[in-house]
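Bear in mind these aren't lab numbers, they're just calculated from the coordinates by the rules spelled out. These numbers were taken from a predicted model, which means no experiment stands behind them. Here the Cβ positions follow ideal geometry from the backbone for every residue, glycine too, while neighbour counts run over all protein chains shown.
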Amino acid sequence: MTNVYLDNSATTKLDPRVLEKMKPYFDSKYGNASSIHAMGQENHIVLTKCKEEIAKLINGNPESIIFTGSATEANNMIIKGVAEKNKESYSAKATETPGKHILISTIEHPSVKKSAEYLKSQGFDIELIPVNSDGLVELDQVKKMIKPETILISVMTINNEIGTIQPIKQIAEFAKKNNILFHTDAVQAVPYVDLDVKGWGVDFLSLSAHKFNGPLGVGIAYLADRRSVTPLIHGGGQEYGVRGGTYNIPGIVGMTEALKLAYAEKDEYINQVSDLTQYLWKRIQEEIDDVSLNGSTEHRTPNNLNILFKRIEGEAILMDLSVKGINVSTGSACSAENLRPSSVLSKIGLEDNDLNSNIRFTLGKFNTKEEIDYTVDSLVETVRRLRSFTPIK
Amino acid sequence: MSTYHLSTYKKMALNYSKEVMDHFLHPRNIGEMKNYDGFAEVGNPVCGDQLGFYIKVKDGKIKDVKFLSFGCASNIATASILTEKVKGMSLEEAKKYDWNKVVKDLGGLPKQKVHCSILAIDGLKKAIEDYEGKKN
């Protein structure tokens, strides 16, 4: 039984070279980077170097990089932190009311959406920016929705379900002109988009190491101005007091190495993953009837296929493939913890009948042509079996 | 490609029991039925699952039963095991078969999948009602 991993938007395999870099920080260079002794200070130097290297890769400032435990934490810190800060900064001036309007796109990750929902329960005015049928946020739509009280706009760089690349630079520029803070969750962007914090002019950006062959448990909240958020995690003064908690040096070293490798090997990887993904899609179209691709074909990462298989149910496809050793995702109804249909697919105009019939294939740097061939051969069988007893005409 | 044993998946996937996986991979009494006596189609508006049940009745008993499914593994498995259990049963008995029993028959279902058994029971009952309606 084979094990083929085609769920690289969920998480990725740790690159063995990254693991090698991390190892010494578990068992020999384990000093607390906040300690004053030599072992601590050596790791503090490592921390500083990592921030410098990452800053170069994303064209940002080292001092703006705050390491977190995940991108979920980074998103929480930014969305809630901006809201909280805004309340505080107005409390002294009784005549002015703090801005309470926040715009997020309708296809944001739950860590942004749920943070915004929480703020709504606290009296904030939250509005969702719709997407067009390609799954893209349009600047004109954002223009229509801002208000004088808008304090923050959040639009993800790349959607996790359909891989669509959003016009971040345009929206960031518009936000800046209107004195509105702008956040982008760039978790799915490495290395498909060259992150350019200063060029785009974003105020906040979130990243997660395990999405680009780095370790789990480490993320980044990029804060162009650290004073624009109220801390979420209070503690021992780490990260300029913005985020408490002992520095996760092995994780930080791993994240830095993974990001370096991702961009150093970008061209070669993109070619390889585009070829494999296109090959997968070509074979599926040739060998299976009634399939279609969800989301923009043009503004899309080259490793993502979100495919509608008419008349059969996504989780059944997933389970049947899983038994054959192929690991994919539905992101739609009946996904592991949530029965509700996918948020994105319903927003890009899929018919109700089709909302539960989708599979997301996300390829990564360790996939091979042999694996893709095995996947299509298995998929043909799976679809034939499930369609043999569907009640849907 | 690394190798894993099939049993790993059967055990681990969404905490489905061996029985659920068996009925999902090898559904009993599946497919269309011609010349049926009763038929019903039911659906769950929340998760989108659908089931169709056909029954053939003789002397007040379910002589044959078949089903169609648009649904997840537990949707297929619950309908499959239900058809196996009620085949040969009197209509009265079959109407009383409840979803708790289906869950038990399958060696349990993950909490978020229990609703599948309710849909299966509902579908079978409606197929029986369809037959009884036609008869009267």
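Counting other C-beta atoms within 10 Å, and keeping those with at most 14, which DSSP coil chymotrypsin sites (Phe, Trp or Tyr not before Pro) do you find in segment A:1-60? Write down the numbers at each step before the final one.
Numbers: sites: A:Tyr5, A:Tyr25, A:Phe26, A:Tyr30; in loops: A:Tyr30.
Counting only loop positions with at most 14 other Cβ atoms within 10 Å, the chymotrypsin sites (Phe, Trp or Tyr not before Pro) in segment A:1-60 are A:Tyr30.
In nm, to one decimal, how far is the B:Lys18 label point from the A:Gln41 one, both placed 7 Å along Cα→Cβ?
For the pair B:Lys18/A:Gln41, the computed spacing is 6.3 nm.
Once the other residues with Cβ under 13 Å from the Cβ of A:Lys147 are scored (Lys, Arg +1; Asp, Glu -1), what is the net sum? Could you put the intermediate results ahead of the total?
On the way: positive: A:Lys100, A:Lys143, A:Lys144; negative: A:Asp125, A:Glu127, A:Glu149.
It works out to a net charge of 0.
By how many nm would the segment from A:Glu149 to A:Asn353 lengthen if fully extended, with 0.36 nm per residue of separation less the alpha-carbon distance? Intermediate results must be reported in sequence, preceding the final value.
Details: separation 204, 0.36 × 204 = 73.44 nm, distance 3.95 nm.
Residue separation times 0.36 nm, minus the Cα-Cα distance, leaves 69.5 nm.
So if I average 1/r over every pair of distinct C-alpha atoms in segment A:16-264 and take the inverse, what Kirkwood radius in Å does that give? Before the final figure, lay out the partial values.
Working: mean 1/r = 0.0540 Å⁻¹.
This gives a value of 18.5 Å.
Computed over the Cα atoms, what is the radius of gyration of segment A:354-393 divided by 2.2 N^0.38 Å, N being its residue count? Write out the running numbers ahead of the final one.
Values: Rg = 13.1 Å, N = 40, 2.2 N^0.38 = 8.9 Å.
Rg over 2.2 N^0.38 Å, computed on Cα atoms: 1.47.
From the square roots a ≥ b ≥ c of the eigenvalues of the alpha-carbon gyration tensor of segment B:17-135, which class results: rounded (a/c under 1.5), prolate (a/b over b/c), or oblate? Before the final figure, lay out the partial values.
Numbers: a/c = 1.71, a/b = 1.56, b/c = 1.10.
Here segment B:17-135 falls in the prolate category.
Using a cut-off of 22 Å between alpha-carbon atoms, which lysines can reach A:Lys51, once sequence neighbours fewer than 8 places away in the same chain are excluded?
A:Lys21, A:Lys23, A:Lys29, A:Lys198, A:Lys211, A:Lys260, A:Lys266
Please find the FRET efficiency linking A:Val380 to A:Val193, where r is the Cβ-Cβ separation and R0 is fixed at 41 Å, and quote it to the nearest 0.05. Before the final figure, lay out the partial values.
On the way: r = 33 Å, r/R0 = 0.82.
For R0 = 41 Å, the calculated efficiency reads 0.75.
Hey, can you grab everything whose amide H is under 5 Å from the amide H of A:Ile233? Only 5+ residues off in sequence or another chain; H modelled, so Pro and N-termini drop out.
A:Gly244
Taking 0.36 nm per residue of sequence separation and subtracting the Cα-Cα distance, how much length would be gained by fully extending the chain between A:Ser292 and A:Thr106, in nm to one decimal? Working shown, then result.
Numbers: separation 186, 0.36 × 186 = 66.96 nm, distance 2.26 nm.
Using 0.36 nm per residue and subtracting the Cα-Cα distance, I get 64.7 nm.
Please list, in order along segment A:65-74, the HN-Hα scalar couplings obtained from phi with the Karplus expression 6.51 cos²θ - 1.76 cosθ + 1.60 (θ = phi - 60°), rounded to whole Hz, x for Gly and Pro.
8, 10, 7, 10, x, 5, 6, 4, 5, 4
Compute the FRET efficiency between B:Leu25 and A:Ser388 as 1/(1 + (r/R0)^6), taking r as their Cβ-Cβ distance and R0 = 22 Å, and round to the nearest 0.05.
Details: r = 13 Å, r/R0 = 0.61.
The calculated FRET efficiency here is 0.95.
Does anything in segment B:67-109 have its amide N under 16 Å from the 7 Å Cα→Cβ label point of B:Glu129, and if so which residues?
Once the point is set 7 Å along Cα→Cβ of B:Glu129, B:92, B:94-99 turn out to lie under 16 Å by backbone N, inside segment B:67-109.
From the phi of every residue in segment A:251-268, what ³J(HN,Hα) in whole Hz does the Karplus formula 6.51 cos²θ - 1.76 cosθ + 1.60 yield, where θ is phi - 60° and glycine or proline is x?
In residue order, the calculated couplings are x, 5, 4, x, 4, 4, 5, 5, 5, 4, 4, 4, 7, 5, 9, 4, 4, 4 Hz.
With all pairs of different alpha carbon atoms counted, what Kirkwood hydrodynamic radius in Å does segment A:129-211 show? Mind showing how you got there, number by number?
Working: mean 1/r = 0.0767 Å⁻¹.
Over segment A:129-211, the inverse of the mean reciprocal pair distance is 13.0 Å.
Farthest toward the dipole's positive end in segment A:265-387, which of A:Gln278, A:Val344, A:Gly364, given Cβ charges of +1 (Lys, Arg) and -1 (Asp, Glu) about the Cα centre?
Farthest along the dipole direction, towards plus: A:Val344.
Round to a whole angstrom and tell me the spacing of the C-alpha centers of segment A:238-303 and segment A:145-189.
20 Å
To one decimal place, what Kirkwood hydrodynamic radius in Å is obtained for the protein assembly as shown from all pairs of distinct Cα atoms? All intermediate terms of the calculation are to be shown ahead of the outcome.
Values: mean 1/r = 0.0394 Å⁻¹.
Kirkwood radius, the protein assembly as shown: 25.4 Å.
Which residues does a label at A:Glu53 reach in segment A:11-28, if reach means a backbone N under 18 Å from a point 7 Å past the Cα toward the Cβ?
Label zone hits: A:14-28.
Roughly how crowded by other chains is peptide B:63-75, in terms of the mean Cβ count from those chains within 10 Å of each of its Cβ atoms? Spell out each step's value before the answer.
Values: counts 0, 0, 0, 1, 2, 5, 8, 13, 10, 13, 9, 4, 4.
Mean shielding count: 5.
Given Cβ point charges of +1 (Lys, Arg) and -1 (Asp, Glu) and nothing else, what value in debye, to the nearest 20, does the dipole of segment A:16-264 about its Cα centre take? Don't jump to the answer; show the numbers that get you there.
Numbers: 27 positive and 27 negative charges, 61 e Å.
Computed about the Cα centre, the dipole is about 300 debye.
To the nearest 20 Debye, how big is the dipole of segment B:8-136 about its Cα centre, given +1 on the beta carbon of each Lys and Arg and -1 on that of each Asp and Glu? List each step's numbers first, then the result.
Values: 22 positive and 17 negative charges, 61 e Å.
The calculated dipole for segment B:8-136 is roughly 300 debye.
Hey, what do the phi angles of segment A:159-171 turn into as Karplus ³J(HN,Hα) couplings, whole Hz, using 6.51/-1.76/1.60 and θ = phi - 60°, x for Gly and Pro?
Ordered by residue, 3J(HN,Hα) equals 6, 6, 8, 10, x, 6, 8, 8, x, 5, 4, 4, 5 Hz.
About its Cα centre, how strong a charge dipole does the protein assembly as shown have in debye, to the nearest 20, once Lys and Arg get +1 and Asp and Glu get -1 at the Cβ? Display every interim value, and only then the final one.
Details: 66 positive and 67 negative charges, 197 e Å.
Value, rounded to 20: 940 debye.
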